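Since the structure comes first, as structure tokens, the remarks are kept for the end.
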Amino acid sequence: MAATIDPNQQQRWPGYVKAMLLTNLVMFLMVLAIYLLQAVLPLSPDGQAAVPAWLAVNTAMSFITNTNWQNYGGENTLSYFSQMFAIIFPQFTSAATGLACGIDFIRGLGGSTAWATSTST
């Protein structure tokens, strides 16, 4: 079954929710994998060990949800690679997700069904 996009059909709110949750799940799993595999990833000059599982889940979830609760010891716990790709990346994407959801919510309140009006010639 191929995925198709019909430009004449507008996406409803369940589609937005599904896309947002699926995207955040993928980002969560990527960030979690970075924490758990940190010992074998590059940019770890101090030879950081893998982050304990409970701390990896806690930190990944907090940065994906934009709460940014830091329960780790900075450079004593995370390698440079983990800090760059599993801390900075979700700080940007979680804020972008919140902005996109806010824009969609406002569009829904205003009754807007499309980003731009189409003109026919």
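Here the peptides 95-106, 78-89 are ranked by packing, the mean other Cβ count within 10 Å, and the order with the highest first is 78-89, 95-106.
Secondary-structure-derived ellipticity at 222 nm for the chain, considering helices only, amounts to -17000 deg cm²/dmol, per-run term -39500 (n - 2.57) for DSSP H runs with n ≥ 4. Each listed q (0.15, 0.19 Å⁻¹) maps to a log10 I(q)/I(0) for region 15-108, found by the Debye formula over equal Cα scatterers with no solvent: -0.57, -0.82.
Couplings 3J(HN,Hα) for region 52-62, derived from phi with the Karplus relation 6.51 cos²θ - 1.76 cosθ + 1.60 (θ = phi - 60°), are x, 4, 5, 6, 5, 5, 4, 5, 4, 5, 5 Hz, where x marks Gly and Pro. Please give the contour-minus-distance gain from Asn8 to Thr65: 0.36 nm per residue of separation, less the Cα-Cα distance, rounded to one decimal in nm. Full extension of this stretch gives 17.2 nm more. For Ala50, the residues 5 or more places off, or on other chains, whose built amide H falls under 5 Å of its own are Ala39. Angle of helix 89-110 to the longest C-alpha principal axis of the chain, folded into 0 to 90 degrees and rounded to 10: 20°. Remark: relative contact order (the chain) = 24 percent; criterion is Cα-Cα distance under 8 angstrom and separation of 6 or more residues.
Values quoted throughout were computed directly from the atomic coordinates according to the rules given, and no laboratory measurement underlies them. Computed from a predicted model, the values in this text were never measured in an experiment. Glycine also receives a Cβ, built like all others from the backbone with ideal geometry; neighbour counts cover every protein chain displayed.
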